[in-house]
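Contents: one structure, followed by commentary.
The values are calculated or read from the model by the stated rules, or taken from the named source; none is laboratory data. The model shown is predicted, which means the values in this text are computed figures rather than measured ones. Methodologically, a virtual Cβ is constructed for each residue, glycine included, from the backbone with ideal geometry; neighbour enumeration extends over all protein chains shown. Areas reflect the complete protein model, heavy atoms only, side chains present, ligands, DNA and RNA absent. Shrake-Rupley method; radii C 1.70, N 1.55, O 1.52, S 1.80 Å.
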Amino acid sequence: MTPREQAQLQILKNLEDSPGISQRVLAERLGISLGKTNYLLKALLEKGLIKAGNFRRNDSKLGYLYLLTPQGIEQKLRLTRAYLARKEAEYEALRAEIAALQLELSASADSNATRNNPLQTPPNPIIDP
């Protein structure tokens, strides 16, 4: 999943949860600039994944309601599946690495214990010539 797809997924999730969210708040939640947020929203609008409707108008500002289209819902599901598959693969790789490290530590501890605490006593030169 590319960084752009990750940003798309985060935007789609946020818009689904908070359709009346402002671009400024969305940018803060995503940790990206307002300009990039605007750019990504326009791209989603052009792709037909979201639609924006003017829901309030007053003297000081203009507000929009962002709704996911059926294509937007499908894209969110595709991106979520891809994200989940990647995270599951990372999880399995991490589990394998942890198991290998535990085995390595166990083997190292066993060899240190054998070296420091041998099971056989050294030969006695008086008894064993």
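Starting from the eigenvalues of the Cα gyration tensor, five times each then square-rooted, give me the equivalent ellipsoid semi-axes of segment 66-105, largest first, whole Å.
37, 7, 4
Listed by chain and number, the lysines placed with their C-alpha closer than 22 angstrom to that of Lys13 are Lys36, Lys42, Lys47, Lys51, Lys76, Lys87; residues fewer than eight positions away on the same chain are left out. Taking all protein chains together and a 1.4 Å probe, the residues Ile32, Ile21 rank Ile32, Ile21 from largest to smallest accessible area. Taken along its principal axes, the alpha carbon cloud of segment 1-103 reaches lengths of 68, 26, 20 Å, longest axis first. What the Cβ-Cβ distance of Asp110 and Ala85 gives, at R0 = 35 Å and to the nearest 0.05, is a FRET efficiency of 0.40. Could you work out what % of the accessible surface of segment 4-52 is carbon and sulfur, using a 1.4 angstrom probe and leaving DNA, RNA and ligands out of the count? Ligands and nucleic acids excluded, carbon and sulfur give 47 percent.
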